[in-house]
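One structure is given here, and the rest of the page talks about it.
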Amino acid sequence: RHAVEENFDFVNYLGLKRHWPEFPVKFPKTTLTQDRPRIGVFPLSRWGTKNWPVKCFVELIRLIREKHKASIFLLGGPSDRRVCSFIEGQLGSGVTNMAGQMSLVETGSFLCELDLLVSNDSGPVHMAAAVGTPTLVIFGPTDAGRTGPYGEIHRVVSSNISCRPCFSRTCKRGGLPCLLGLPPEQVAAIALEMLAARMAGG
């Protein structure tokens with residue numbers, strides 16, 4: 001079960017009325033002026049085994065921008081800046097590298113202004129979900145059923161390979177087949193569906 005659902009066991013045990021969960025986190029208001037839709041991309045996580053190949057993120061962004069003149073923001077910490085700079089260099093105008101430029105609180109404010117977040121399984125996914133920003137999360141060795149973004153507006157994508165979820169920081173099969181089996185076209189199709197719903201007010 002999802003970790004949020006497990007936390008409701010305490011409420012159920014006490015016989016209290018259950019309400020839809022709210023996440024009482026608020027961030028200072030910030031304003032973005034870039035064209036919509038605005039899409040944030042976290043291409044890295046702390047586990048190497050969670051990271052969809054960088055070339056896949058490049059192709060994903062290309063496919064999205066074939067359909068939308070979207071403003072793309074590459075997000076991450078200071079150690080992610082080199083990879084984000086590479087992605088930015090591959091794609092040109094309309095892509096902004098924000099890695100290492102914001103504090104955690106500033107990142108939360110930024111996430112509030114996005115129309116979609118695409119990410120590997122990482123902490124900022126849950127920040128975005130908490131403030132109501134739709135998230136599309138690529139899962140490799142971890143279990144979306146337990147730690148995916150909570151809520152109906154979010155989507156996850158993962159392969160059906162038999163060894164996942166393994167919860168390992170080292171791929172025992174080598175080469176991360178659980179992530180290599182996820183083509184950018186598949187992820188882009190889901191992202192475009194989510195953007196269409198967002199732009200329609202869904």
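Here the Debye sum runs over all C-alpha atoms of segment 88-202 as equal scatterers in vacuum, and log10 of I(q)/I(0) at q = 0.09, 0.12, 0.17 Å⁻¹ comes out as -0.27, -0.49, -0.96. Stretching residue 6 away from residue 197 to a fully extended chain increases their span by 65.8 nm, per 0.36 nm per residue minus the current alpha-carbon distance. In this entry, segment 88-151 is assigned a mean projected area of 5.2 nm², taken as a quarter of its C-alpha convex hull surface. Overall, the chain carries a charge dipole of about 320 debye about its Cα centre when +1 sits on the Cβ of Lys and Arg and -1 on the Cβ of Asp and Glu, all other atoms neutral. When a 1.4 Å probe is rolled over the protein heavy atoms, the share of accessible surface on the chain that falls to carbon and sulfur comes to 54 percent. Around the amide H of residue 118, modelled in the peptide plane, lie the amide H atoms of 40, 41, 42, 136, all under 5 Å away and 5 or more residues distant in sequence or on another chain. For segment 14-70, the percent of C-alpha pairs falling in each 10 Å distance bin, counted from 0 to the bin holding the largest distance, reads 15, 27, 28, 21, 8, 1. Shown here: segment 43-151, whose C-alpha atoms stretch 36, 30, 28 Å along the first, second and third principal axes, sorted largest to smallest. In terms of packing, defined here as the mean over residues of other Cβ atoms within 10 angstrom, the peptides 171-184, 103-116, 34-47 line up highest first as 34-47, 103-116, 171-184. Using only side-chain charges placed at the Cβ, +1 for Lys and Arg and -1 for Asp and Glu, the dipole size of segment 1-88 relative to its Cα centre rounds to 280 debye. Shown here is the pair-distance distribution of the chain: with all Cα-Cα distances grouped in 5 Å bins from zero up to the longest one, the shares run 1, 7, 16, 19, 20, 16, 10, 6, 3, 1, 0, 0 percent. Look at where the Cα atoms of segment 162-202 and of segment 82-109 average out, and the two centres are 21 Å apart. For segment 1-101, the alpha carbon convex hull comes to 172 Å³ per residue, rounded to a whole number. Across the cross-link table entries 55/172; 26/50; 17/50, which are compared at the Cα atoms, the separations over 31 Å belong to 17/50. For segment 119-186, the pair-distance distribution built from all alpha carbon pairs, in bins 10 Å wide starting at 0, is 21, 50, 26, 3 percent. Using the Cα atoms of segment 73-116 to build a convex hull, what is its mean projected area in square nanometres? Dividing the Cα hull surface by four gives the mean projection, 3.1 nm². Accessible surface area normalised per residue over segment 65-202 is 46 Å², counting heavy atoms of protein chains with a 1.4 Å rolling probe.
Put simply, when 132-141, 158-167 are sorted by average Cβ atoms within 10 angstrom per residue, most first, you get 132-141, 158-167.
The values are calculated or read from the model by the stated rules, or taken from the named source; none is laboratory data. From a predicted model like this one, the values you see are computed outputs, not experimental measurements. Don't worry about glycine lacking a Cβ; one is built from the backbone with ideal geometry, like all the others, and counts go over all protein chains shown. These accessible areas exclude ligands, DNA and RNA; they are computed on the full protein's heavy atoms, side chains included. Shrake-Rupley method; radii C 1.70, N 1.55, O 1.52, S 1.80 Å.
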